[in-house]
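Step one of this worksheet: look at the structure below.
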Amino acid sequence: MITIRVPCSSANIGPGFDVLGVSLSIWLELHVKIDRNASTPSPKPSLNCSITYEGEGADHVPLDARHNLITRTALYVLQCHDKREFPAFTHVHIINPIPLGRGLGSSGAAVVAGVMLGNVVGDLGLSKDRMMDYCLMIERHPDNVMAAMMGGFVGSYLLELDPKDMERKEIPLAEVLPEPAGGEDTGLKPPEPPLGIGHYIKFGWAKEIKAIAIIPDFEVATADARRVLPKSYTAKDMIFNFQRLAVLTTALTRSPPDADLIFLAMQDKVHQPYRKTLIPGLTEILASVTPKSHPGLLGICLSGAGPTILALATDNFEKIAEEILRRFKEEGIHSRWELLEPAHDGATVTYS
């Protein structure tokens, strides 16, 4: 039995739009078994891979290996190494507690899990750094996938890719799955990713800091969240974010954390103001839940594209969460909360 575990992640972290990400302690798990002594089932599963699934999205996640994001990603990795399908009698059981479409990196975790699945069933021996190249051909925004793969609090950037490679139909794209499925089997070998297309640095994280995730019960599609962003920004707004980004990456490493410094450093003018139309109550929540009103709070921001709210805190977790839950309820939105910690090891593979 092979077990692949990939943490969820929160991207952007205040001013760090498309730059910062932190892995958090909700884990996508794959239990993988290759039973070479099994009898051939009838009908034969697609691409030699049968899938079972439990958890978030169980009522609509595709269980055909050609269309499921995890196995479609694994197939892309295998095809880059001249392997057209999974080893015979491969079974993948997926356990997913990560909410879908809520800003906690569910598609990023699926892409990382898929690349790792392709690596292990194909016995390819790829390093984490090399596997990241495959992840970034599929998920073009590095913040979520880099945090999920490498773990902890990371900053990252992606090198410019060859437009011809980006247009290849054999490469599944996380943002368009599951409709259409993304990636077409054209009978051609997909292009292997260039070496080192994603670069990252791990920042420190003060041991006192935990993350409160307030998760509303509606989804925001990444495409919709990007559609509301402006095509250009003023120099004033960009400087505002640059200044706070430079401070925040060090402020979160300091122990004990400075709440006043961190709260102001987590302000943003690049994406949160434009996404308020998609998330009722967002502006009021970000402005009114402060270290003064709720001692123990350090900072608050939209998690990824939302609608999840991420509050960093050292204490008073339940009262902070209850206040945000109350404000969502006033907007007619039911939500829940979880107390999370950084997943410093990132994605892992174990054998038993």
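The values are calculated or read from the model by the stated rules, or taken from the named source; none is laboratory data. Since we're looking at a predicted model, the values are computed, not measured. Quick reminder, even Gly has a Cβ in these numbers, built from the backbone with ideal geometry, and neighbours come from all protein chains shown.
For segment 74-128, what are the residues that are β-branched (Val, Ile, Thr), out of contact with any Ser or Thr (no Cβ under 8 Å at 6 or more places or on another chain) and under 19 Å from Leu195 (Cβ atoms)? Scanning segment 74-128 gives Val77, Val112. Kindly check whether there is at least one residue in segment 22-39 that is over 23 Å from Asn119 (Cβ atoms), at pLDDT 95 or above and of a type in the set (Gly, Ala, Ser). There is at least one residue in segment 22-39 that is over 23 Å from Asn119 (Cβ atoms), at pLDDT 95 or above and of a type in the set (Gly, Ala, Ser). If you go through segment 195-207 and keep only what is out of contact with any Leu (no Cβ under 8 Å at 6 or more places or on another chain) and either under 30 Å from Ile171 (Cβ atoms) or surrounded by 14 or more Cβ atoms within 10 Å (Cβ to Cβ) (or both), you end up with Leu195, Tyr200, Ile201, Lys202.
The single residue among Glu338, Glu330, Glu323 that is of a type in the set (Asp, Glu) and under 16 Å from Gly103 (Cα atoms) turns out to be Glu338. Checked against the criterion of being under 19 Å from Ala11 (Cβ atoms) and not assigned by TED's automatic domain parsing to the domain that holds Gly103, the candidates Gly281, Gly306 yield just one match: Gly306.
For every residue, the table says whether it meets (1) at pLDDT below 85; (2) surrounded by 18 or more Cβ atoms within 10 Å (Cβ to Cβ); (3) not assigned by TED's automatic domain parsing to the domain that holds Cys135.
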position	(1), (2), (3)
Phe153	no, yes, no
Tyr157	no, no, no
Asp162	yes, no, no
Lys169	yes, no, no
Gly182	yes, yes, no
Lys189	yes, no, no
Pro193	no, yes, no
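Evaluating Leu47 against the criteria (1) within 19 Å of the chain's Cα centre (by Cα); (2) crowded, with 16+ Cβ neighbours inside 10 Å leaves one unmet condition, (1). The C-beta contact set for segment 221-237 (first residue of a type in the set (S, T, N, Q), second residue in a helix (DSSP H, G or I) and surrounded by 12 or more Cβ atoms within 10 Å (Cβ to Cβ), distance under 6 angstrom, 6+ apart or interchain) comprises Thr222/Glu175. Being crowded, with 16+ Cβ neighbours inside 10 Å and part of a loop (DSSP other than H, G, I, E, B) is the filter here; which residues of segment 220-257 pass it? The answer is Val220, Leu252, Pro257. Note on segment 317-351: residues that are outside any strand (DSSP E or B) and in contact (Cβ under 8 Å) with a residue 60 or more places away in the chain amount to 14.
When Ile300, Ile320, Ile309, Ile262 are screened for being touching a Gly at 6+ places or on another chain (Cβ under 9 Å), under 19 Å from Asp217 (Cβ atoms), surrounded by 14 or more Cβ atoms within 10 Å (Cβ to Cβ) and modelled with pLDDT of 95 or more, only Ile309 passes.
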